[in-house]
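Reading through the structure tokens given below for one structure.
Here, each number is a calculation from the coordinates, and none is a lab measurement. As the structure is a prediction and not an experimental result, all values here were calculated from the model. As a convention, Cβ positions derive from the backbone with ideal geometry for all residues, glycine included, and neighbour counts pool all protein chains shown.
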Amino acid sequence: MKIHNTIIIDDDKSTIEIMNKLCSKHYFLKIEKSFTESVEAFEYVNKNDVDLIFLDIEMPSLNGLDFIKNVNKNINYIIISSKKDYAFNLIGNQNIVGYIHKPINEDSFNKKVDSYINSYRNKNTVLIPHQDSDFIFVNYNRKIVKINVDGILLLESRGDYVIIKTTCKKNYLTKNTLKNFIVKLPGCFIRVHKSYIINISKIDEIENNIIVMGKEHIPISKTYNKILKQNINTI
């Protein structure tokens, strides 16, 4: 899945801290920067690629509504505000994909982010087809080795390293991150936990939020449970 370059704009530092923590639980949201000054954020947006902005409406110098009007880029916004009245004023703007009322609730936040991602997928399924590859190259034991994608069972994060486990029982330990792998692997690979990416074609069964893949038992975190259900065909 595409990684979405994201920034947060809010003059309340405590809100920014909360937002950063919540965003970190969604691997496809990459927080590039956070701003307490909207003018500074405006300058950053004009010079950098940004996909999603969490934007507080009531900002000094340049308020959120004026910010949106003056940005000449196709950027998505999720509005954060303590005033519900703004939600009605924002209806009709196609770039505003969600509204979160303060104080921020994690469940509400997750619903808005899930809705945004689902909308993005629906819009881009035809326009941007996934480019699958039969293999990947990784650094392993001071060599660069080729691994057939179909033979990968799962990837497990271990600190600064990732273990690639294969169906032929051979494991590869490489210094990397799951974030780097998820954008390069084909669509049958999804993240189900902060520490795991799995090949859904290798799932034997799922019970009590545990994925069974041969002798491997992988936990499903609440954050990724919906994504898993959307990617498996249940009859």
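Working note: 222 nm ellipticity from helices only, DSSP H runs with n ≥ 4, each -39,500 (n - 2.57), summed and divided by the residues of the chain, gives -8000 deg cm²/dmol to the nearest 500.
Residues Cys188, Cys168, Cys23 in ascending order of nearby Cβ atoms (within 10 Å, fewest first): Cys168, Cys188, Cys23.
Taken along the Cα-to-beta-carbon direction at a fixed 7 Å, the label points for Lys69 and Val183 span 3.5 nm.
Rank Arg158, Arg142, Arg191 by mean-square fluctuation in a GNM of the chain with C-alpha springs under 10 angstrom and give only the top-ranked residue. Among Arg158, Arg142, Arg191, the largest mean-square fluctuation in the Gaussian network model of the chain belongs to Arg142.
Quick one: among Asn199, Asn48, Asn63, which has the greatest mean-square fluctuation in a GNM of the chain with alpha-carbon springs under 10 angstrom? In the Gaussian network model the winner is Asn48. When each of Tyr172, Tyr116 is scored by the number of other beta-carbon atoms lying within 10 Å, the sequence from fewest to most is Tyr172, Tyr116.
Return the FRET efficiency for the residue pair Thr234, Ile144: r is the Cβ-Cβ distance, R0 is 41 Å, and the value is rounded to the nearest 0.05. After rounding, the FRET efficiency stands at 0.60. For region 135-231, just say rounded, prolate or oblate: build the C-alpha gyration tensor, square-root its eigenvalues into a ≥ b ≥ c, call rounded for a/c under 1.5, and beyond that prolate if a/b exceeds b/c, oblate if not. Prolate shape, in that a/c is at least 1.5 and a/b is the bigger ratio. Our estimate of slack between Leu62 and Asp160, defined as 0.36 nm per intervening residue step minus the Cα-Cα distance, is 31.2 nm. Considering all different alpha carbon pairs of the chain, the Kirkwood hydrodynamic radius works out to 19.6 Å.
Note on Glu17/Cys168: beta-carbon distance plugged into 1/(1 + (r/R0)^6) with R0 of 35 Å gives a FRET efficiency of 0.20. Where a ≥ b ≥ c are the square roots of the eigenvalues of the C-alpha gyration tensor, would you call region 4-124 rounded, which needs a/c under 1.5, or, failing that, prolate if a/b is larger than b/c, or oblate? Judged from the Cα gyration tensor, region 4-124 comes out rounded (a/c under 1.5). In terms of other Cβ atoms within 10 Å, Lys202, Lys47 run from fewest to most in the order Lys47, Lys202.
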